[in-house]
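Visitor: Sharing a structure below in structure tokens format, with a few things to ask.
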Amino acid sequence: MSNEPRSPGRHFLQIPGPTPIPERVVAAMARQVLDHRGPEFQKLGKRVLAGIKPLFKTQSHVIIYPASGTGAWEAALTNTLSPGDRVLMVETGQFAVLWKQMVDRLGLRAEVIQTDWRIGADANEIESHLRKDKAKAIKAVCVVHNETSTGCLTRLDEVRRALDATKHPALLMTDSISGLAAADLRHDEWGIDVTVAGSQKGLMMPPGLSFTAVSEKALAASKTATLARSYFSWDDMLAFNGDGWFPYTPATSLFYALDESIRLINEEGFENVLARHARLGEAVRIAVRSWGLEVNSREAKYDSPAVTTVLMPDGHNADAFRKLVLETFNMSLGTGLNRLAGKAFRIAHLGDTNELTILGALTGVEMGLELAGVPHKKGGVQAAMAYLADCAKPVAAKAA
Ligand SMILES: *Cc1c(COP(=O)(O)O)cnc(C)c1O
């Protein structure tokens, strides 16, 4: 027993992953493990392998790893590329920095388009970079879909058009670890070759599973790519997955969670899930602007439906503010990463959230600003309430 006083009510986990897990997902995991070579697992394996595909809007393969999202990054690169290959990346924020670091470590050659960390990847810049590559030697364009550090979304449809406009054959790879089941993502329609995702963000699951959705073109590239790979080899996975099996022990308890998460998303309706994220994100931005604070995303088209990064006024430390909010109101806000450390905090609206949880979170932020002496205007929560009530009118009319 700890000497800490109990915090009544529930902890507000408003970070952009791990996100809160719905009770039904928690309950789904509270079971005995099962034989991963037995018939019961086979049914589960087949069900989740099929059920995950619509979330990527793909009919192609989605490979599931017992690894965090970073493992799926490695799978994407090592299965499709060869030592020394040139890779075009855009430094949209901290996750782009880390993915690029992996590219370096694997012996690939990254060419990086810089940003000010306040926009998603700019398709026009990608296009002009690709035009300069007359020999069409660049093998892959890697962009982060939802940059969780900055709250900026990359418009993948525009990036696709940039590749098409230049007739460049590079593979298009995206990290949608925090975008899956929150932001519009169309793996097939947008001609994405590898989409990487993880379990602990929009899927409302614990950390521990990651995914690569793989196009036929990426699969063909994997046949000749020569980077070393073993545990993450797509070939081994695909040789087994067709019948619902895995080449090594899958994270069976997390499969129970995934199965339930897919069921929850389908019960709500996938498009409704995406609309809810857009709506709650807008409510948060309305509150932030009403406080007179600045949203990090500079343009509406880059606004993330999953997380809002809020810039702290000069002279106020965002981490001191987060600490105050945690200790006073039992709410965890996301920290500023890398160059945003101390300068920004993040409010997640990702996964299992609704109007009242978001308004609760905003209330904690507004009270925290007051207590921390951060200059702001009152009424952010009021403004978010007005917006969300307005959005709810059709639902209310039906209920009346
Ligand atoms: C969370 C996250 C990662 C890292 O994933 P891990 O599961 O921690 O390995 C990478 N990219 C983005 C965009 C993320 O949000």
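Visitor: When the residues of the range 111-155 are filtered to those that are within 18 Å of residue 337 (Cα to Cα) and of a type in the set (D, E, K, R), which remaining residue is surrounded by the fewest Cβ atoms within 10 Å (Cβ to Cβ)?
Guide: Per the stated criteria, the residue is 116.
Visitor: Here's a check for you: in the range 345-388, which residue that is of a type in the set (Gly, Ala, Ser) and closer than 25 Å to residue 184 by Cβ is farthest from the chain's Cα centre (by Cα)?
Guide: Residues of the range 345-388 of a type in the set (Gly, Ala, Ser): 348, 351, 360-361, 364, 368, 372-373, 379-380, 383-384, 386.
Right, trim to closer than 25 Å to residue 184 by Cβ and you get 348, 351, 361, 384.
Numbers: 348: 11, 351: 10, 361: 20, 384: 24 Å.
If we take residues in the range 345-388 being of a type in the set (Gly, Ala, Ser) and closer than 25 Å to residue 184 by Cβ, then 384 is farthest from the chain's Cα centre (by Cα).
Visitor: Can you give me the number of residues within the range 54-103 that are within 16 Å of the ligand (Cβ to nearest atom) and of a type in the set (D, E, K, R)?
Guide: Of the residues in the range 54-103, 3 are within 16 Å of the ligand (Cβ to nearest atom) and of a type in the set (D, E, K, R).
Visitor: Counting only residues that are within 30 Å of residue 103 (Cα to Cα) and small (Gly, Ala, Ser), give me the helices (runs of 4 or more DSSP H) lying completely in the range 204-305 with at least 2 of them.
Guide: Those helices (runs of 4 or more DSSP H) span 216-224.
Visitor: Are any residues in the range 311-334 free of Cβ contacts under 8 Å to residues at least 40 places away in the same chain and either assigned to a strand (DSSP E or B) or of a type outside the set (A, V, I, L, M, F, W, C) (or both), and if so, which ones?
Guide: Hits for the range 311-334 are 311, 314, 315, 317, 319, 322, 323, 327.
Visitor: Under 8 Å between Cβ atoms, at least 6 apart or on separate chains: pull out the pairs that start in the range 356-373 with a residue that is assigned to a helix (DSSP H, G or I) and end on any residue that is of a type in the set (S, T, N, Q) and modelled with pLDDT of 95 or more.
Guide: 361/14; 367/328; 368/328; 371/328
Visitor: Pairs under 9 Å by beta carbon, first residue more than 30 Å from residue 294 (Cβ to Cβ) in the range 99-121, partner basic (Lys, Arg) and at pLDDT 95 or above, six or more apart or different chains?
Guide: Partner pairs satisfying both residue conditions: 103/109; 108/86; 108/139; 109/86; 110/86; 110/100; 111/86.
Visitor: Can you pull out the residues in the range 30-52 that are surrounded by 17 or more Cβ atoms within 10 Å (Cβ to Cβ) and in a helix (DSSP H, G or I)?
Guide: Residues satisfying the conditions are 41, 44, 45, 48, 49, 51.
Visitor: Looking at (1) without any contact (Cβ under 8 Å) to a residue 24 or more places away in the chain; (2) small (Gly, Ala, Ser); (3) under 30 Å from residue 123 (Cβ atoms), which one does residue 230 not meet, given that it meets all the others?
Guide: Evaluating residue 230 over (1) without any contact (Cβ under 8 Å) to a residue 24 or more places away in the chain; (2) small (Gly, Ala, Ser); (3) under 30 Å from residue 123 (Cβ atoms) leaves (3) as the failure.
The values are calculated or read from the model by the stated rules, or taken from the named source; none is laboratory data. In this text the structure is predicted, and so the values were computed from the model without any measurement. When we count neighbours, we look across all protein chains shown, and the Cβ atoms used for this are built from the backbone with ideal geometry, even at glycine.
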